[in-house]
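**Q** Take a look at this one; I'll ask things after.
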Amino acid sequence: MEFTITRIQTPIGIFRLKGFMPVTATISFSHAEFMGSDGWVEIDLESDGGRSILSRIEADVILHLRG
């Protein structure tokens, strides 16, 4: 299932996300941004830092999509 979340509040911040959530596997993000002090900031999906941030909000995203 492809998804687009225009705004999700999580314990670590506000995010805007696009990606794919298969029924039996982990989420695959194709685009991710977080709300910074000056607006939306793109997350580098290939960096360790970017992957770390997204792994911390994965449960929140799954709950949002299934809710």
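**Q** What whole-number value in Å² describes the accessible area per residue of the chain for a 1.4 Å probe? Before the final figure, lay out each step's value.
**A** Working: 4450 Å² over 67 residues.
Value returned for the chain: 66 Å² of accessible area per residue.
**Q** Can you list the residues, at least 5 places off or on another chain, whose amide H is less than 5 Å from the amide H of Ile43, using H built in the peptide plane?
**A** So Ile43 has HN proximity to Ala32, Glu33, Phe34.
**Q** Okay, next question. In the chain, what percent of the accessible surface is made up of carbon and sulfur (1.4 Å probe, ligands and nucleic acids excluded)? Let's see the in-between values first.
**A** Working: 2280 of 4450 Å².
Ligands and nucleic acids excluded, carbon and sulfur reach 51 percent.
**Q** Between Met35 and Lys18, what is the label-point separation in nm under the 7 Å Cα-to-beta-carbon projection?
**A** Spacing of the two 7 Å Cα→Cβ label points: 2.1 nm.
**Q** Which value in deg cm²/dmol, rounded to the nearest 500, describes the helix-derived mean residue ellipticity at 222 nm for the chain, given -39,500 (n - 2.57) per DSSP H run of n ≥ 4 and division by the residue count?
**A** On the way: 1 runs with 19 residues, N = 67.
Per the formula, -9500 deg cm²/dmol.
**Q** With axes computed from alpha carbons, what is the tilt in degrees of helix 48-66 against the longest principal axis of the chain, rounded to the nearest 10 within 0 to 90?
**A** 50
**Q** Enumerate the whole-percent occupancy of each 5 Å bin, from 0 to the last occupied one, for all C-alpha pair distances of the chain.
**A** Spelled out per bin, shortest first, that is 4, 17, 33, 28, 14, 4, 1, 0.
**Q** Counting other Cβ atoms within 10 Å, which GluC sites (Glu not before Pro) in segment 13-60 have at most 11 and lie in a DSSP loop?
**A** On the way: sites: Glu33, Glu42, Glu46, Glu58; in loops: Glu46.
Passing both the DSSP loop test and the Cβ count: Glu46.
The values are calculated or read from the model by the stated rules, or taken from the named source; none is laboratory data. Just so we're clear, the structure is a prediction, and the values are computed from it rather than from any experiment. Note that each Cβ is placed from the backbone with ideal geometry, even for glycine, and that neighbours are counted across all protein chains shown. Surface areas here come from the heavy atoms of the whole protein model, side chains and all, with no ligands, DNA or RNA. Shrake-Rupley method; radii C 1.70, N 1.55, O 1.52, S 1.80 Å.
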